[in-house]
Amino acid sequence: MEKIKFIDLFCGIGGFRVAMDEACKENNLTPDCVFSSDIDDYCQDSYEANFGHRPKGDITEVDEKTVPDHDILFVGFPCQPFSIIGQMQGFNDIRGTLFFT
């Protein structure tokens with residue numbers, strides 16, 4: 001089977017990863033998550049429990065040269081700044097601007 005390498009940024013508890021795993025299964029492909037990142041410790045705990053590896057923390061502290069080669073980049077939108085739990089600060093919260101970088 002062909003291997004597809006992917007990265008999962010702002011991964012939360014792994015929604016994109018579950019979808020990728022299912023899509024690969026349906027198409028005789030082998031998914032290989034080569035890097036993941038989420039700033040939330042509880043999300044990291046869940047992701048690690050579900051998938052067997054712990055995401056890196058704050059993506060702004062990751063040296064881009066250490067990010068492995070990949071075929072697909074998944075980027076979950078950091079939703080906290082736009083939600084009630086994040087006090088709806090939007091672009092005034094630095095997390096709300098990360099997708100611009």
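Odds and ends about this structure:
- Projected over all directions and averaged, the alpha-carbon convex hull of the stretch 36-77 occupies 3.4 nm².
- Across the stretch 56-62, computed HN-Hα scalar couplings (Karplus, 6.51 cos²θ - 1.76 cosθ + 1.60, θ = phi - 60°) run 5, x, 4, 4, 6, 9, 8 Hz from first to last residue, x flagging Gly and Pro.
- When you count the other C-beta atoms within 10 angstrom of each residue and take the mean per peptide, 61-69, 12-20, 32-40 line up highest first as 32-40, 12-20, 61-69.
- For the stretch 1-84, the fraction of C-alpha pairs farther apart than 19 angstrom is 37 percent.
- Amide H contacts under 5 Å for residue 33, placed H, 5+ residues apart: 6
- The listed peptides 47-54, 4-11, ordered by packing as a protection proxy, come out as 4-11, 47-54 (highest mean of other Cβ atoms within 10 Å first).
- In plain terms, the residue of 3, 56 with the fewest other Cβ atoms within 10 Å comes first and the most crowded comes last, giving 3, 56.
- Under 5 Å from the amide H of residue 11 lie the amide H atoms of 37, 38, each residue being 5 or more positions distant or on a separate chain, with H modelled from the backbone and absent for Pro and chain starts.
Since every read-out is calculated from the coordinates, none of them should be taken as a lab result. This one's a predicted model, so the numbers in the text were calculated from it and none came from an experiment. All Cβ positions, even for glycine, are placed from backbone atoms using ideal geometry, and neighbour counts span all protein chains on display.
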